[in-house]
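Okay, so here's the structure we're looking at.
FYI, it's all coordinate maths here, none of it is from the lab. If you're wondering where the values come from, they're calculated on a predicted model, not measured in any experiment. With ideal geometry, Cβ positions are generated from the backbone for all residues, glycine too; neighbour counts draw on all protein chains shown.
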Amino acid sequence: MNAGAAGILASLLIVRAVEIATAVLNLKALRPELPPEMQGVYDREAYERSQEYTRVTTRAGLVKQGFDLAALGAFWFAGGFQALDKLAWEWGSGPLLSGLLFLGALLLLSALLSLPFSVHATFVVEERFGFNRTTPRTFVLDRIKAIAIAAALGGPLLAAVLAIFAHAGRTAWLACWVAVAGYTLVVQFVAPTWIMPLFNTFTPLCEGELRERIERYAASVRFSLENIFTMDGSRRSSRSNAFFTGFGRHRRIALFDTLVTRLTAGELVAVLAHEIGHATRRHILKGTIVSIAHTGAMLWVFSLLSGRQWLYDAFFVERASVHAGLALFGILLTPVETVVAAATNAWSRKNEYEADDFAAKTTAEPEELVGALKKLSVQNLSNLTPHPWHVALHYSHPPLLQRIAAIRAG
Ligand SMILES: [Zn+2]
């Protein structure tokens with residue numbers, strides 16, 4: 001083992017150790033007694049189930065992470081990257097095709113390795129806790145569609161990145177950045193109309209009290225809406241959600257059917273008000289800008305490292321290339337990405353507080369939002385007492401009790 005390999009392996013082990021420590025602390029923070037705020041919302045049995053759900057998913061997560069690291073280590077130290085690279089150069093006729101073969105094979109391999117875990121998560125864990133509604137047929141069709149979409153959308157982009165880095169010299173990262181950012185924006189724009197309908201059916205919300213109240217609220221905050229839809233989320237899971245699609249005057253709201261059946265009209269308006277809060281405070285736009293900046297930074301750092309022989313030596317790859325560089329750089333970056341994810345989550349939690357505040361003030365009924373959040377939390381078996389480290393690393397939304405306290409203090 002050379003110094004580069006040892007250093008990278010050590011950094012991956014440190015990330016895993018932090019993850020394990022955080023998971024253990026999180027399990028220790030589970031409290032047997034129901035928080036007073038949730039009396040009457042949770043019964044004793046449901047509360048115990050929510051804690052069991054946290055335990056089971058935490059254990060499953062640790063097993064998956066351990067397996068992933070072991071699989072990566074075995075592939076890496078058995079010379080897998082070099083062997084695959086050699087094959088790709090033999091089979092592909094030139095750097096572009098070889099690069100696509102190499103990266104495609106790696107992505108397919110990692111998808112195959114994670115398949116048993118997602119089968120277990122869906123048909124064992126989610127099933128046991130009553131969330132799963134997916135049939136094996138839907139599950140298989142979803143995977144096939146996802147791979148086809150990834151190949152159709154990701155393939156051309158990857159080919160462009162490989163070609164640009166192979167030919168554009170020192171400013172290749174800049175050209176790549178423009179290409180990737182432009183492409184992401186276009187995909188984001190077409191996803192709701194072209195991609196989502198491949199997975200779900202959207203039906204316009206029928207006329208009635210709920211539709212009227214939503215439209216009246218949207219008008220009161222001058223938020224233009226093209227239409228309101230319900231989405232058959234219950235085909236896959238009993239979890240619920242609401243989201244916006246489209247831009248400007250073409251904004252549409254999609255409500256999971258599971259949400260519509262479980263919340264009162266007032267609570268639904270509160271949830272939508274929260275989503276409108278995100279749009280009004282431009283959280284979505286800011287998020288897109290941050291993610292484009294992040295991509296640019298990554299491409300720039302990649303351009304500095306992609307020619308360094310130590311990166312290839314560390315993974316026992318003989319021949320430096322853009323495609324091998326991209327894959328190895330991705331692994332090298334794991335610890336940095338963990339820090340970036342924690343920072344992104346902190347920012348997202350701040351946005352959630354802002355959207356809650358917007359909803360509470362504009363509807364003038366903070367208790368409707370509190371009621372909706374409580375119901376959703378019970379349905380999703382959310383952990384009421386997560387450890388602060390776990391929140392810092394993984395939570396894009398603040399824990400329920402802190403959210404309620406902030407809404408009431410508003
Ligand atoms: Zn939100």
Per-residue ³J(HN,Hα) for segment 287-299, Karplus 6.51 cos²θ - 1.76 cosθ + 1.60, θ = phi - 60°, Hz, x for Gly and Pro: x, 5, 4, 4, 5, 5, 5, 4, 4, x, 4, 4, 5
What are the lysines whose alpha-carbon lies under 28 Å from the alpha-carbon of LYS375, with same-chain residues fewer than 8 places away excluded? LYS28, LYS350, LYS361
In sequence order, calculated HN-Hα J values of segment 328-340 (Karplus, 6.51, -1.76, 1.60; Hz; x Gly/Pro): 5, 4, x, 6, 4, 7, 3, x, 4, 5, 5, 5, 4
Just from its helices, what would the mean residue ellipticity at 222 nm be for the chain, if runs of 4 or more DSSP H residues each count -39500 (n - 2.57) and the sum is divided by every residue, rounded to the nearest 500 deg cm²/dmol? -23000 deg cm²/dmol
Take the alpha carbon gyration tensor of segment 10-151, find the square roots of its eigenvalues, order them as a ≥ b ≥ c, and report rounded if a/c is under 1.5; if not, report prolate when a/b exceeds b/c, else oblate. oblate
Among DSSP beta bridges lying fully in the chain, give the percent that are antiparallel, nearest 5. 55
Cα-based Rg and Dmax for segment 1-81, where Dmax is the largest Cα-Cα distance (Å): 18.8, 60
Could you list ASP257, ASP43 in order of exposure, starting from the residue whose Cβ has the fewest other Cβ atoms within 10 Å? ASP43, ASP257
Stokes-Einstein D (µm²/s) once Rh is taken as the Kirkwood radius of segment 331-392 over alpha-carbon pairs, at 25 °C in 0.890 mPa s: 176
Gaussian network model of the chain, springs between alpha carbon atoms under 10 Å - residue of GLY296, GLY73, GLY208 with greatest fluctuation: GLY208
If you take the beta carbon distance between GLU367 and VAL24 as r and set R0 to 41 Å, what does 1/(1 + (r/R0)^6) give as a FRET efficiency, to the nearest 0.05? 0.65
Per-residue Cβ contact counts at 10 Å, fewest first, order ILE164, ILE407, ILE144 as ILE144, ILE407, ILE164
I need the shape label for segment 79-212. Rule: rounded when a/c is under 1.5, else prolate if a/b > b/c, else oblate, with a, b, c from the alpha carbon gyration tensor. oblate
Local electrostatic count, GLY277, Cβ distance below 12 Å [Lys/Arg +1, Asp/Glu -1]: -2
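Roughly speaking, what is the stretch gain from THR338 to ALA111, that is 0.36 nm per residue apart minus the C-alpha to C-alpha distance, in nm to one decimal? List each step's numbers first, then the result.
Numbers: separation 227, 0.36 × 227 = 81.72 nm, distance 2.07 nm.
Result for the pair: 79.7 nm of gain on full extension.
Does the chain come out rounded, prolate or oblate by the C-alpha gyration tensor, with a ≥ b ≥ c the root eigenvalues, rounded set by a/c under 1.5 and, if not, prolate when a/b is larger than b/c and oblate if not?
Prolate, since a/c reaches 1.5 and a/b exceeds b/c.
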So what are the ³J(HN,Hα) numbers for segment 394-403, from phi and the Karplus equation (6.51, -1.76, 1.60; θ = phi - 60°), rounded to whole Hz, Gly and Pro as x? 10, 8, 7, 10, x, x, 3, 5, 5, 5
Would you kindly state the longest site-free stretch of the chain, with sites defined as GluC sites (Glu not before Pro) in a DSSP loop (not H, G, I, E, B) surrounded by at most 16 other Cβ atoms within 10 Å? 34-206
Residue order, fewest to most surrounding Cβ atoms within 10 angstrom, among PHE81, PHE229: PHE229, PHE81
Amide proton proximity set for LEU205, modelled H, under 5 Å, gap of 5+: ILE228, PHE229, THR230
Placing +1 on the Cβ of each Lys and Arg and -1 on the Cβ of each Asp and Glu in the chain, which of THR334, THR122, THR264 has its Cα farthest towards the positive end of the resulting dipole? THR334
I want the antiparallel fraction of DSSP beta bridges within segment 117-266, as a percent rounded to 5. 60
Taking the Cα centre of the chain as the origin, how large is its charge dipole in debye, to the nearest 20, when only Lys and Arg (+1) and Asp and Glu (-1) carry charge on their Cβ atoms? 280
For SER237, what residues show an amide H to amide H distance below 5 Å, using hydrogens built from the backbone and excluding near sequence neighbours? ARG133
Contact order normalised by length for the chain, with contacts defined as Cα pairs under 8 Å and 6 or more residues apart; what percent is it? 23
If R0 = 22 Å, then LEU185 and TRP347, at their Cβ-Cβ distance, give a FRET efficiency to the nearest 0.05 of 0.60
